[in-house]
Amino acid sequence: MLPAALHPDSLWRPLEQLVLPPRIREWMADPASLTLRLKRHGQFRVEPGYHAISFPRADERQLLDLAPRRAALIREVTLLLDDTPVVAARSVLPLTSLTGANRSLGHMGSRSLGLELYKRPTCLRDQVWARLGSPAEAMPVCWGRQSRFIKRGEPLLVAEYFLPALWEKVGATSVSSLL
Ligand SMILES: C=C(O[C@@H]1C=C(C(=O)O)C=C[C@H]1O)C(=O)O
(Lines give C-alpha, C1' and ligand atoms only; values in the text may rest on other atoms or scores of the structure.)
Protein backbone atom coordinates (compact mmCIF):
# COMPACT_ATOMS: atom_id res chain seq x y z
CA MET A 1 0.00 0.00 0.00
CA LEU A 2 1.67 3.23 -1.12
CA PRO A 3 1.63 6.03 1.44
CA ALA A 4 -0.71 8.86 0.55
CA ALA A 5 0.81 11.36 -1.86
CA LEU A 6 2.90 13.93 -0.04
CA HIS A 7 1.08 17.24 0.14
CA PRO A 8 3.03 20.51 0.27
CA ASP A 9 3.98 21.28 3.84
CA SER A 10 6.94 22.53 5.85
CA LEU A 11 8.14 19.19 7.19
CA TRP A 12 11.53 17.76 6.27
CA ARG A 13 11.25 13.97 6.14
CA PRO A 14 14.09 11.46 5.80
CA LEU A 15 14.47 10.86 2.06
CA GLU A 16 14.37 7.08 2.43
CA GLN A 17 10.89 7.27 3.98
CA LEU A 18 9.35 8.90 0.90
CA VAL A 19 7.91 7.36 -2.24
CA LEU A 20 9.02 9.75 -5.00
CA PRO A 21 8.66 9.80 -8.78
CA PRO A 22 11.72 7.92 -10.10
CA ARG A 23 13.10 11.00 -11.88
CA ILE A 24 12.94 13.02 -8.67
CA ARG A 25 14.48 10.27 -6.57
CA GLU A 26 17.31 9.93 -9.08
CA TRP A 27 18.29 13.58 -8.51
CA MET A 28 17.48 13.77 -4.80
CA ALA A 29 19.40 10.62 -3.88
CA ASP A 30 22.47 11.44 -6.00
CA PRO A 31 25.42 11.51 -3.56
CA ALA A 32 27.68 13.41 -5.96
CA SER A 33 28.00 17.17 -6.43
CA LEU A 34 24.84 18.80 -7.80
CA THR A 35 27.06 21.48 -9.33
CA LEU A 36 29.00 18.95 -11.38
CA ARG A 37 25.76 17.29 -12.49
CA LEU A 38 24.19 20.60 -13.52
CA LYS A 39 27.28 21.54 -15.49
CA ARG A 40 26.52 18.64 -17.82
CA HIS A 41 23.29 20.34 -18.88
CA GLY A 42 24.38 23.84 -19.89
CA GLN A 43 26.26 27.00 -18.92
CA PHE A 44 26.28 26.93 -15.10
CA ARG A 45 26.63 29.84 -12.71
CA VAL A 46 25.94 30.73 -9.10
CA GLU A 47 24.06 33.95 -8.31
CA PRO A 48 24.72 34.89 -4.68
CA GLY A 49 21.84 36.31 -2.65
CA TYR A 50 21.45 36.81 1.10
CA HIS A 51 24.75 36.21 2.88
CA ALA A 52 25.01 37.09 6.58
CA ILE A 53 25.75 35.81 10.04
CA SER A 54 22.42 35.17 11.68
CA PHE A 55 20.47 32.62 13.72
CA PRO A 56 19.30 29.49 11.88
CA ARG A 57 15.59 28.66 11.78
CA ALA A 58 14.33 26.22 14.40
CA ASP A 59 14.14 23.32 11.93
CA GLU A 60 17.70 24.02 10.72
CA ARG A 61 18.99 24.17 14.29
CA GLN A 62 17.32 20.88 15.00
CA LEU A 63 18.82 19.17 11.92
CA LEU A 64 22.25 20.53 12.90
CA ASP A 65 21.74 19.79 16.62
CA LEU A 66 22.77 23.41 17.22
CA ALA A 67 22.18 25.15 20.56
CA PRO A 68 19.53 27.96 20.45
CA ARG A 69 21.75 31.05 20.56
CA ARG A 70 24.54 29.72 18.29
CA ALA A 71 25.00 31.87 15.19
CA ALA A 72 25.75 30.60 11.69
CA LEU A 73 26.62 31.96 8.29
CA ILE A 74 23.48 31.88 6.14
CA ARG A 75 24.18 31.69 2.39
CA GLU A 76 21.35 31.83 -0.13
CA VAL A 77 22.08 31.43 -3.82
CA THR A 78 20.37 30.66 -7.08
CA LEU A 79 21.96 28.14 -9.42
CA LEU A 80 21.37 28.92 -13.09
CA LEU A 81 21.71 26.98 -16.31
CA ASP A 82 21.98 29.13 -19.44
CA ASP A 83 20.79 32.09 -17.31
CA THR A 84 17.64 30.21 -16.20
CA PRO A 85 17.22 29.71 -12.42
CA VAL A 86 17.03 25.95 -11.79
CA VAL A 87 17.89 25.57 -8.08
CA ALA A 88 17.24 27.82 -5.10
CA ALA A 89 19.68 26.97 -2.30
CA ARG A 90 20.10 27.98 1.33
CA SER A 91 23.12 26.83 3.32
CA VAL A 92 23.60 27.09 7.08
CA LEU A 93 27.24 27.00 8.15
CA PRO A 94 27.77 27.11 11.94
CA LEU A 95 30.57 29.55 12.80
CA THR A 96 32.30 26.74 14.66
CA SER A 97 32.43 24.84 11.34
CA LEU A 98 34.21 27.69 9.54
CA THR A 99 37.55 27.57 11.32
CA GLY A 100 40.97 26.44 10.11
CA ALA A 101 40.99 24.94 6.61
CA ASN A 102 37.17 25.21 6.50
CA ARG A 103 37.39 29.01 6.57
CA SER A 104 37.14 29.19 2.76
CA LEU A 105 33.59 27.78 2.92
CA GLY A 106 32.53 31.15 4.34
CA HIS A 107 33.91 33.18 1.44
CA MET A 108 32.64 31.41 -1.69
CA GLY A 109 30.99 34.43 -3.37
CA SER A 110 29.84 33.32 -6.82
CA ARG A 111 31.90 30.13 -6.69
CA SER A 112 29.96 26.95 -5.98
CA LEU A 113 30.09 25.75 -2.38
CA GLY A 114 29.93 22.24 -3.76
CA LEU A 115 33.23 22.55 -5.57
CA GLU A 116 34.89 23.29 -2.21
CA LEU A 117 32.94 20.60 -0.34
CA TYR A 118 33.85 17.89 -2.83
CA LYS A 119 37.54 18.80 -2.88
CA ARG A 120 39.84 16.57 -0.82
CA PRO A 121 39.38 15.82 2.02
CA THR A 122 35.97 15.07 0.57
CA CYS A 123 32.86 15.77 2.60
CA LEU A 124 30.44 13.18 3.89
CA ARG A 125 26.77 13.76 3.08
CA ASP A 126 25.55 11.87 6.11
CA GLN A 127 21.84 12.69 6.22
CA VAL A 128 19.34 13.70 3.54
CA TRP A 129 15.79 14.94 4.08
CA ALA A 130 13.13 15.93 1.54
CA ARG A 131 10.04 18.11 1.42
CA LEU A 132 7.51 19.30 -1.10
CA GLY A 133 6.98 22.98 -0.56
CA SER A 134 7.79 26.52 -1.56
CA PRO A 135 11.36 27.70 -0.86
CA ALA A 136 10.16 31.22 -0.06
CA GLU A 137 7.25 33.63 -0.40
CA ALA A 138 5.81 33.79 -3.92
CA MET A 139 7.98 30.92 -5.14
CA PRO A 140 6.45 27.81 -6.70
CA VAL A 141 5.93 24.55 -4.80
CA CYS A 142 8.78 22.22 -5.72
CA TRP A 143 10.81 19.37 -4.33
CA GLY A 144 13.46 20.32 -1.81
CA ARG A 145 16.42 18.35 -0.50
CA GLN A 146 18.20 19.18 2.75
CA SER A 147 21.62 17.57 3.19
CA ARG A 148 23.87 17.55 6.24
CA PHE A 149 27.50 17.56 5.19
CA ILE A 150 30.46 16.80 7.41
CA LYS A 151 33.62 18.58 6.22
CA ARG A 152 36.81 18.04 8.20
CA GLY A 153 34.62 16.72 11.02
CA GLU A 154 32.35 19.80 11.13
CA PRO A 155 28.62 19.89 10.16
CA LEU A 156 26.83 22.20 7.73
CA LEU A 157 23.42 22.14 6.11
CA VAL A 158 22.59 22.68 2.45
CA ALA A 159 18.99 22.96 1.25
CA GLU A 160 18.38 22.79 -2.50
CA TYR A 161 15.00 23.36 -4.13
CA PHE A 162 14.65 21.91 -7.63
CA LEU A 163 12.73 24.61 -9.50
CA PRO A 164 10.23 23.64 -12.24
CA ALA A 165 12.59 24.99 -14.94
CA LEU A 166 15.18 22.35 -13.97
CA TRP A 167 13.04 19.52 -15.28
CA GLU A 168 12.49 21.28 -18.59
CA LYS A 169 16.25 21.83 -18.86
CA VAL A 170 17.26 18.28 -18.06
CA GLY A 171 14.42 16.58 -19.88
CA ALA A 172 11.53 15.29 -17.82
CA THR A 173 8.31 13.98 -19.28
CA SER A 174 6.16 16.68 -17.68
CA VAL A 175 6.74 18.90 -14.67
CA SER A 176 3.26 18.15 -13.33
CA SER A 177 4.11 14.45 -13.19
CA LEU A 178 6.98 15.30 -10.83
CA LEU A 179 4.96 17.13 -8.17
C1 LIG B 1 26.48 21.12 -2.32
C2 LIG B 1 26.72 21.59 -3.53
O3 LIG B 1 26.86 22.95 -3.71
C4 LIG B 1 25.91 23.64 -4.49
C5 LIG B 1 26.32 25.04 -4.40
C6 LIG B 1 25.73 25.90 -3.52
C7 LIG B 1 26.32 27.25 -3.22
O8 LIG B 1 27.26 27.68 -3.96
O9 LIG B 1 25.86 27.88 -2.24
C10 LIG B 1 24.53 25.53 -2.87
C11 LIG B 1 23.92 24.35 -3.17
C12 LIG B 1 24.56 23.27 -3.92
O13 LIG B 1 23.74 22.73 -4.90
C14 LIG B 1 26.88 20.72 -4.71
O15 LIG B 1 27.36 21.19 -5.77
O16 LIG B 1 26.55 19.51 -4.56
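Some points to look at:
- Taking every alpha-carbon pair under 8 Å whose residues sit at least 6 apart, the stretch 1-159 reaches a relative contact order of 25 percent.
- Charged neighbours of Gln146, selected by a Cβ distance under 13 Å, balance to +4 (K, R count +1; D, E count -1).
- Computed over neighbours whose Cβ is under 10 Å from that of Tyr50, the net charge equals +1, Lys and Arg +1, Asp and Glu -1.
- Area accessible to solvent at Phe55, 1.4 Å probe radius, in Å²: 100
- Sorting Asp65, Asp83, Asp126 on solvent-accessible area from highest to lowest, probe radius 1.4 Å, gives Asp65, Asp83, Asp126.
- Taking Glu160, Glu26, Glu16 and ordering them by how much accessible surface each has at a 1.4 Å probe, largest first, produces Glu16, Glu26, Glu160.
- Trp12 accessible area, assembled protein chains, probe 1.4 Å, Å²: 40
- Dipole check for the chain: with +1 at the C-beta of Lys and Arg, -1 at the C-beta of Asp and Glu, and the Cα centre as origin, the magnitude is about 560 Debye.
- When the chain is treated as a GNM with alpha-carbon contacts under 10 Å, the residue of Tyr161, Tyr50, Tyr118 showing the greatest mean-square fluctuation is Tyr50.
- Across His7, His41, the residue with the most accessible area heads the list, and the full order at a 1.4 Å probe is His7, His41.
- For the pair Arg111 and Gln17, a Förster radius of 25 Å applied to the C-beta separation gives a FRET efficiency near 0.15, rounded to the nearest 0.05.
- Estimated at the nearest 10 Å², the accessible area of Val19 is 90 Å² with a 1.4 Å probe.
The values are calculated or read from the model by the stated rules, or taken from the named source; none is laboratory data. The shown structure was predicted, so the numbers you read here are calculated from the model rather than taken from an experiment. All Cβ positions, glycine included, derive from the backbone under ideal geometry; neighbour counts span all protein chains shown. When the accessible area is computed, the model is the full protein with side chains, heavy atoms only, and any ligands, DNA or RNA have been set aside. Shrake-Rupley method; radii C 1.70, N 1.55, O 1.52, S 1.80 Å.
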